[in-house]
Amino acid sequence: MADLRLIYGFHAVTARIRQNPDGVQEIYLQAQRHDPRMRDLIKLAETNGVRIIPVEAARLDGMAGNARHQGVAARVDAAQRVHHLEDVLDTLSEPPLLLVLDGVQDPHNLGACLRSADAFGVHAVIAPKDRAVGITATVEKVACGAAETVPYITVTNLARTLRDLKERDIWVAGAAEEAGQDMNGFRHAGPLAWVLGAEGEGLRRLTRETCDELVRIPMLGSVESLNVSVSAGICLFEARRQRNQL
């Protein structure tokens, strides 16, 4: 029996149908909605042979836990998301660009990190299985489809995974407030993994010690730190900027 889970929101459901229609068991649409956006989704579902079930808004509210579902939900095969890091790295045609998240527990932050990862061409997002939020319906919705386009890989031992990356000649750079070097002095346009820590805690000690290099984002104002998803966007933008200059 398939391991099913619920996703909701137009971006998340549309992206899943486009990326993997066979992994979508059925979609639930608010019966009262007949606007162009809903008609486009219905057409997409019908084209891909996805079962459509019209339901009342109250039922959708209950299914989504009263989250903002936009009148759309879907039951999808959770097993379809499984990726292995080796499978990603062994099929790349350019130097790897990876985002490693050390224990991000807020689903909105993870969703926003996935959006940044998609925007800047990250090949995979890596996170520990424990002490991390994982992909939830909220993450799917905040990610606006990026949860379907960027491989999200969970590992049992993050430090060991970082060492494995280093053995593949991937430079591991950690974003840390206490780093002596800031982003202005960071230069690396080759294979790269950016490592960011959890909200409020930063990188764990072993993660920090395993990095090849620590880099801080220069701050000019009075706040001491940035949201992890904002930091991820800055680091990934800089990585792509440097690559584009080659």
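Overview of results
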item: Which numbered condition residue 43 misses (of (1) open to solvent by less than 50 Å² (accessible area, probe 1.4 Å); (2) more than 30 Å from residue 236 (Cα to Cα)); result: (1)
item: Positions within segment 115-128 being in contact with a Leu (Cβ under 9 Å, 6 or more places away or on another chain) and free of Cβ contacts under 8 Å to residues at least 60 places away in the same chain, in sequence order; result: 123, 124, 125, 127, 128
item: Segment 16-28 residues that are in contact (Cβ under 8 Å) with a residue 60 or more places away in the chain, paired with ones that are among the acidic types (Asp, Glu) and open to solvent by less than 90 Å² (accessible area, probe 1.4 Å) (beta carbon under 6 Å, 6 or more apart); result: 16/148; 19/148
item: Residue, modelled with the lowest pLDDT, within segment 90-108, restricted to residues that are part of a loop (DSSP other than H, G, I, E, B) and of a type in the set (Val, Ile, Thr); result: 91
item: Residue within segment 94-109 that is without any contact (Cβ under 8 Å) to a residue 60 or more places away in the chain, in contact with a helix residue (DSSP H, G or I) (Cβ under 9 Å, 6 or more places away or on another chain), open to solvent by less than 10 Å² (accessible area, probe 1.4 Å) and not charged (D, E, K, R) present; result: no
item: Selected residue (criterion: surrounded by the most Cβ atoms within 10 Å (Cβ to Cβ)) from residues of segment 155-204 that are over 22 Å from residue 230 (Cα atoms) and basic (Lys, Arg); result: 166
item: Residue identified as in contact with a Phe, Trp or Tyr (Cβ under 6 Å, 6 or more places away or on another chain), farther than 21 Å from residue 232 by Cβ and β-branched (Val, Ile, Thr) among 125, 76, 55; result: 55
item: Matching entry among 121, 111, 134 (being modelled with pLDDT of 90 or more, assigned to a loop (DSSP other than H, G, I, E, B) and of a type in the set (Gly, Ala, Ser)); result: 121
item: Selection within segment 60-88 - charged (D, E, K, R) and modelled with pLDDT under 85; result: 68, 77, 81, 87
item: Strands (runs of 3 or more DSSP E) contained in segment 148-202 and holding at least 2 residues touching a residue at least 12 places away in the same chain (Cβ under 8 Å) and touching a His at 6+ places or on another chain (Cβ under 9 Å); result: 152-155, 171-175
item: Test: residue in segment 211-233 that is modelled with pLDDT of 90 or more, among the charged types (D, E, K, R) and in a loop (DSSP other than H, G, I, E, B); result: yes
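The values are calculated or read from the model by the stated rules, or taken from the named source; none is laboratory data. Note that the coordinates shown come from a computational prediction; the quantities given were computed from them, not determined experimentally. In this analysis, Cβ positions are derived from the backbone assuming ideal geometry, glycine residues included, and neighbour counts consider all displayed protein chains. Ligands, DNA and RNA are stripped out before the accessible areas are found, and what is left, the full protein with its side chains, is counted by its heavy atoms. Shrake-Rupley method; radii C 1.70, N 1.55, O 1.52, S 1.80 Å.
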